[in-house]
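One structure below.
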Amino acid sequence: MAATAPMAFLQHVCSAPLTRAIRCRSISVPSAPARATHVDSHVLLGLSEVELQQLAMDMGQQKYRGKQLHHLLYKAKAKDIQAFSHLPQAFRNDLKEAGWRVGRSPIHQSVTAADGTVKILIQLEDNRLIETVGIPVEDDKGSIRLTACVSSQVGCPLRCSFCATGKGGYSRNLQRHEIIEQVLAIEELFKHRVTNVVFMGMGEPMLNLNSVLEAHKCLNKDVQIGQRMMTISTVGVPNTIKKLASHKLQSTLAISLHAPNQKLREMIVPSAKSYPLDAIMKDCRDYFLETGRRVSFEYTLLAGVNDGVEHAVELAELLYRWGRGSHVNLIPFNPIEGSDYRRPYKKAVVAFASTLESRKITVSVRQTRGLDASAACGQLRNDFQKSPLQAAADDNATPAHGLLQNDLQKSPVLAVSGL
Ligand code: SF4
C-alpha cells in the first residue's frame with residue numbers, strides 16, 4: 001500500500017442519512033457552468049502583474065507602480081488599499097475613489113486540531129461563510145508541505161449523501177478572488193507558503209469552472225504554486241471534463257467515484273443519475289489521452305455500504321476496463337453528526353486496499369486529519385448556521401444552473417450576519 005496521504009479529511013464529506021440520498025435521486029446536473037460570476041471588475045486580487053501595470057498607467061502612474069501593487073497583493077498580502085504604504089497617498093486615494101478594493105475578507109472563526117490541521121471560516125462581503133482548511137505535513141527531511149483545501153462555492157447543490165456541505169444547501173458560486181484569498185489566508189495563518197492546493201472544499205468545482213480556472217491561473221502565476229501541486233476534484237458534471245482537458249493543465253484531476261457501479265453510485269451520489277459511470281470513465285480516459293495526466297479516483301469507504309471486497313473487485317474491473325495506471329485514494333468515512341453512515345473497520349480498509357493492489361492498482365489510504373476540528377467538509381460552517389438569519393432569496397442566491405430550486409426554497413441556504 002502506498003504511503004498514506006495527508007489529506008484524509010478532504011472527503012467532500014457528508015452526513016445526510018441514506019434515506020435522504022434515496023429521496024434526492026431526482027437531482028440532475030447542469031451541463032454548463034453557472035453564469036459568469038468569476039470576476040469582480042473592481043477587485044485587485046486576481047489581477048496579473050501586466051494588468052496591474054496597465055491599471056497603474058491608466059491612473060496616471062508609472063508602470064513600476066503596477067509591480068509594487070503585485071508585490072503588495074501577493075507577497076505582502078495587504079488587505080486594504082490604505083495598507084499600501086509603498087504607494088503615494090494620492091495613488092491610494094485615486095484607487096479608492098475609482099471604487100477599487102483589494103478583495104480580502106475577514107476570518108470569522110478558526111479551529112485547530114491536535115494534529116495541526118486548521119479549519120477556518122471566511123466571512124465574505126455578503127456575510128456568507130466558506131470553509132478553508134490548511135494541512136501541514138512534515139516530510140522525512142523536515143520540510144513542511146502545507147496544503148490548502150479550498151472551496152469553490154458557498155455550499156453545494158449536489159447533495160452527495162455523505163456530505164455535510166451538501167446537507168447545508170447551496171447559495172452561490174465563488175468569484176475568482178474569493179478562491180484566491182483562501183490560499184493567502186492559510187499562508188498568513190501558518191506563516192508559511194502554501195505548497196499544494198486541492199479544490200476539494202465546499203462546492204463542486206466543475207459547476208464554477210470559470211472561477212476555478214481563473215483562480216488556478218493566478219495561484220500558479222502570481223502566488224507561484226506549481227500546476228502539478230494543484231488538484232481539481234469533481235463528482236462529475238457532464239461536458240466539463242472535456243472542457244478542462246482543453247486547457248491542458250498540468251494539475252491532477254480527481255474523480256470522486258465512491259462506488260464501483262452505477263446503482264450504488266446513484267445512491268451515494270444522487271447527481272450521478274445524469275452522468276452514467278461509463279460516460280465519466282470514457283471522459284477520464286480522453287482526459288488522460290489529451291493531457292497525459294493520470295486521473296486519480298477518490299473512494300470514500302462507508303462501512304457496510306461500499307467497503308466490501310466484492311466492491312473492490314468490481315472497482316478493479318471497472319478501472320481495468322477503462323485503461324491502466326489508475327490511482328485510487330481510499331478515504332475511510334469521517335463520521336459527522338446526523339449521519340447514518342459509519343466509519344469502516346480498519347481490517348475492511350486493509351482488505352479493500354489489498355484487493356486493489358493485487359490487481360495492480362496503486363492505492364493510497366488517507367490518514368484522517370483534524371477529526372477534532374469538525375474535519376468533514378461543510379461541518380464547521382453548518383455548526384455556525386444552525387440558527388438561520390437570512391434566507392437566500394435574492395437573485396445571487398438562486399441556483400444559477402436551475403438546480404434543485406424547489407428543494408432549496410424549502411430549505412434555503414442562509415447568510416450569517418452580525419457576527
Ligand atoms: S460535490 Fe458537493 S455535495 Fe458532493 S461531496 Fe462535494 S461538496 Fe459535498
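The values are calculated or read from the model by the stated rules, or taken from the named source; none is laboratory data. Since this is a predicted model, take the numbers as computed values, not measurements. Using ideal geometry, Cβ is built from the backbone for each residue, glycine included, and neighbour counts are taken over all protein chains shown.
For the stretch 238-275, the set of residues classified as part of a helix (DSSP H, G or I), touching a strand residue (DSSP E or B) at 6+ places or on another chain (Cβ under 9 Å) and within 13 Å of the ligand (Cβ to nearest atom) consists of T240, I268, listed by residue number.
Filtered by the rule that a residue be of a type in the set (D, E, K, R), modelled with pLDDT of 95 or more and not in a loop (DSSP other than H, G, I, E, B), the stretch 167-194 gives R172, R176, E178, E181, E187, E188.
Can you tell me which residue is farthest from the ligand (Cβ to nearest atom) among those in the stretch 184-209 that are under 17 Å from P106 (Cα atoms) and surrounded by fewer than 24 Cβ atoms within 10 Å (Cβ to Cβ)? My answer is K191. Could you tell me whether the stretch 124-135 includes any residue that is surrounded by fewer than 24 Cβ atoms within 10 Å (Cβ to Cβ), under 14 Å from the mean Cα position of the chain (by Cα) and within 16 Å of the ligand (Cβ to nearest atom)? No: zero hits. Checked against the criterion of being among the small types (G, A, S), buried (at least 19 other Cβ atoms within 10 Å of the Cβ) and not in a loop (DSSP other than H, G, I, E, B), the candidates A351, A312, A279 yield just one match: A312. Please work out which residue is farthest from L318 (Cα to Cα), limiting yourself to the stretch 282-303 and to residues that are assigned to a loop (DSSP other than H, G, I, E, B) and modelled with pLDDT of 95 or more. The residue in question is A303.
The condition (being touching a Phe, Trp or Tyr at 6+ places or on another chain (Cβ under 9 Å), under 23 Å from V237 (Cα atoms) and part of a loop (DSSP other than H, G, I, E, B)) is satisfied by just one residue among N329, N334, N306: N306. Please name all residue pairs, on different chains or six or more residues apart, with Cβ atoms under 7 Å, provided the first residue is in the stretch 72-101 and is over 22 Å from K221 (Cβ atoms) and the second residue is outside any helix (DSSP H, G or I) and aromatic (F, W, Y). Note: pairs meeting the criteria are I81/W100; R92/F84. Cβ-Cβ distances below 7 Å connect no pair with a first residue in the stretch 155-167 that is on the phi > 0 side of the Ramachandran plot and among the hydrophobic types (A, V, I, L, M, F, W, C), a second residue that is modelled with pLDDT under 90 and more than 6 Å from the ligand (Cβ to nearest atom), and a separation of six or more residues or different chains. Selection of the stretch 203-255 for residues being of a type in the set (D, E) and in contact with a Pro (Cβ under 9 Å, 6 or more places away or on another chain) yields only E204.
In the stretch 218-234, of all residues being charged (D, E, K, R) and surrounded by fewer than 17 Cβ atoms within 10 Å (Cβ to Cβ), the one that is nearest to I179 (Cα to Cα) corresponds to K221. The residue of the stretch 248-276 that is surrounded by the fewest Cβ atoms within 10 Å (Cβ to Cβ), among those that are in contact (Cβ under 8 Å) with a residue 12 or more places away in the chain and of a type in the set (D, E, K, R), is K248.
For the condition touching a residue at least 24 places away in the same chain (Cβ under 8 Å), under 22 Å from T117 (Cα atoms) and out of contact with any strand residue (DSSP E or B) (no Cβ under 8 Å at 6 or more places or on another chain), what is the one hit in L146, L209, L184, L189?
Being touching a residue at least 24 places away in the same chain (Cβ under 8 Å), under 22 Å from T117 (Cα atoms) and out of contact with any strand residue (DSSP E or B) (no Cβ under 8 Å at 6 or more places or on another chain) holds for just one of L146, L209, L184, L189, which is L184.
Of the candidates R172, R101, R145, R176, the single residue that is within 16 Å of the ligand (Cβ to nearest atom), of a type in the set (K, R) and closer than 28 Å to L213 by Cβ is R172.
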